Amino acid sequence: MLRMSATIVGMILAVPVKGDNIMAVTTRSGRTYQPTDLTTAKRRDFIEEARVGVARLRNSDGETLVALPERDLNALVELRDHALAFLSLENAMSRAREDRRSTDFGELAWATVLDDDDLAEFRAEFADGLASALAERSVARLDKTIHAWRLTSDLLRDPVAMARVNAGVDEDDVEVSSPTEIANEPAV
Amino acid sequence: MSKSMWKQWENAVSQAGDQNVQQLWDHLAYRPDQLPLLGSVTRLKGGHMKGKEGWSDVHHYEITGAGRINYQFHPDYAGGAQGDKHAVVKVTSIDMSSH
C-alpha cells in the first residue's frame, strides 16, 4: 500500500489533460508519473517534486492529477475567494450609487457605508493586494488591508464616535489614570 | 476620554483583565504611534479617518481578550483647559462587543 506523508504533499487535484482554462503550472522535471511509479523508488522523486512545486500523475483513465504543498493549495483557494469578492465589488461599483444594494457587494456588504472616494481607494488597495498575493502566494497582507477597511466601516456607522474624530478636547473629557495607579490608590 | 465612555472603560477593565488593560494604557500613554508589544493596532482607512489640525489618523487597538478602542493622538495639543502644548491621546470610541 502506498503511504505518502501528509506533511509534505497537500492534496492531489484532478485537472483536464488538455485543459486550456486552468492556471499554468510547471513541474521541475516536466514529467508526468504513472500510478505504478509510486510503487517504486520513483515515488521519492514524485514527492520531492510535489514538495517544491507541482507533481503530475496520470491515472489509468487518462486523467491527470497534481500534488502540491497544502499551503499552496490553501493560498489558491483563498485567492479565488478574494478574487470573487473583488469581482462583486467591481460589479457593485459599476452601478449608480442609488441603484446599489448591499447584496451587490456580496461578502463585502459592509462596504456600502463607504463613500465613492473611499470605495475607489478600497478598490485600488484591493487590486494591489490581489496582485501582491498572487506573487507572494499569500493573502496575509491583503487580509490586513480588508480588515482595516472593515474596521473603518464599523466606525463610519457610529455617528457619536465620528463626531469625536478630529474634534478638540472639551469639558466632557476626563483623563484616564493608569489602571495600576488606580488599583494602588488607598481607599478613602 | 469622554465621561460618557467611563462605563465602557470600566467594563473593558473588568472583561480584559488588569494586565491587558495596563498594556493598552501603556501603549496609549507612551507609544500610541508604534506597534504594541501585545494586542494589535490598525490605522483606519479612507478620507474620514485622516487626522486634521495635528491629530493623527484614527487608530484601532484590539484589546487582548476583550473589545476594541479607537483613538487619535496629538503630539502638541494646545487646546483644552491647560492651554500649554502637551501630548494628548483622545479615545473616540470603545466597543466591547465581540467581532
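So the values come out like this:
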item: Residue tally, condition within 18 Å of B:VAL88 (Cβ to Cβ) and more than 13 Å from the chain's Cα centre (by Cα), over region B:7-48; result: 0
item: Cβ pairs under 7 Å, 6+ apart, first in region B:60-79 and farther than 15 Å from B:TRP9 by Cβ and more than 9 Å from chain A (Cβ to nearest Cβ), second of a type in the set (Gly, Ala, Ser) and buried (at least 21 other Cβ atoms within 10 Å of the Cβ); result: B:THR64/B:ALA16; B:GLY65/B:ALA16
item: Any pair with Cβ under 7 angstrom, 6 or more apart, that starts in region B:40-55 at a residue that is farther than 26 Å from B:ASN20 by Cβ and ends at one that is surrounded by 19 or more Cβ atoms within 10 Å (Cβ to Cβ) and acidic (Asp, Glu); result: B:GLY46/A:ASP118; B:GLY47/A:ASP118
item: Within region B:1-54, tally of residues that are closer than 30 Å to A:ASP115 by Cα and part of a loop (DSSP other than H, G, I, E, B); result: 14
item: Residue match in region A:75-84 (condition: in a strand (DSSP E or B) and farther than 26 Å from A:SER153 by Cα); result: no
item: All positions within region A:171-182 that are out of contact with any Ser or Thr (no Cβ under 7 Å at 6 or more places or on another chain), surrounded by 12 or more Cβ atoms within 10 Å (Cβ to Cβ) and facing chain B (nearest Cβ under 8 Å); result: A:VAL174, A:VAL176, A:SER178, A:PRO179, A:THR180
item: Members of region A:126-150 that are hydroxyl-bearing (Ser, Thr, Tyr) and either part of a helix (DSSP H, G or I) or under 20 Å from B:MET49 (Cα atoms) (or both); result: A:SER132, A:THR145
item: Residues of region A:87-108 that turn out to be of a type outside the set (Lys, Arg) and farther than 16 Å from A:ASP118 by Cβ, as a count; result: 11
item: Residue match in region B:1-20 (condition: more than 9 Å from every other protein chain (Cβ to nearest Cβ) and at pLDDT 85 or above); result: no
item: Residues satisfying the stated conditions in region A:27-52, i.e. under 22 Å from A:LEU134 (Cβ atoms) and in contact with a helix residue (DSSP H, G or I) (Cβ under 8 Å, 6 or more places away or on another chain); result: A:THR27, A:ARG28
item: Flag if A:PHE126 is surrounded by 20 or more Cβ atoms within 10 Å (Cβ to Cβ) and either among the polar types (S, T, N, Q) or more than 9 Å from every other protein chain (Cβ to nearest Cβ) (or both); result: yes
item: Test: residue in region A:56-69 that is in contact (Cβ under 8 Å) with a residue 60 or more places away in the chain, assigned to a loop (DSSP other than H, G, I, E, B) and either surrounded by 13 or more Cβ atoms within 10 Å (Cβ to Cβ) or in contact with a helix residue (DSSP H, G or I) (Cβ under 6 Å, 6 or more places away or on another chain) (or both); result: yes
item: Flag for A:ASP37 being in a loop (DSSP other than H, G, I, E, B) and either surrounded by 13 or more Cβ atoms within 10 Å (Cβ to Cβ) or at pLDDT below 65 (or both); result: no
item: Matching entry among A:LEU84, A:LEU119 (being at pLDDT 90 or above and either crowded, with 19+ Cβ neighbours inside 10 Å or within 21 Å of B:VAL89 (Cβ to Cβ) (or both)); result: A:LEU119
item: Options A:ARG150, A:ARG100, A:ARG164, A:ARG137: the member that is at pLDDT below 95, surrounded by 12 or more Cβ atoms within 10 Å (Cβ to Cβ) and within 15 Å of the chain's Cα centre (by Cα); result: A:ARG137
item: In region A:40-54, residue nearest to the chain's Cα centre (by Cα) [restricted to those that are under 13 Å from A:GLU70 (Cα atoms) and among the small types (Gly, Ala, Ser)]; result: A:GLY53
item: Condition met for A:GLY106 (assigned to a loop (DSSP other than H, G, I, E, B) and at positive phi); result: no
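The values are calculated or read from the model by the stated rules, or taken from the named source; none is laboratory data. Treat the numbers as computed from the prediction; the structure is a model and nothing was measured. Neighbour counts are summed over all protein chains in view; Cβ atoms, including those assigned to glycine, are modelled from backbone coordinates with ideal geometry.
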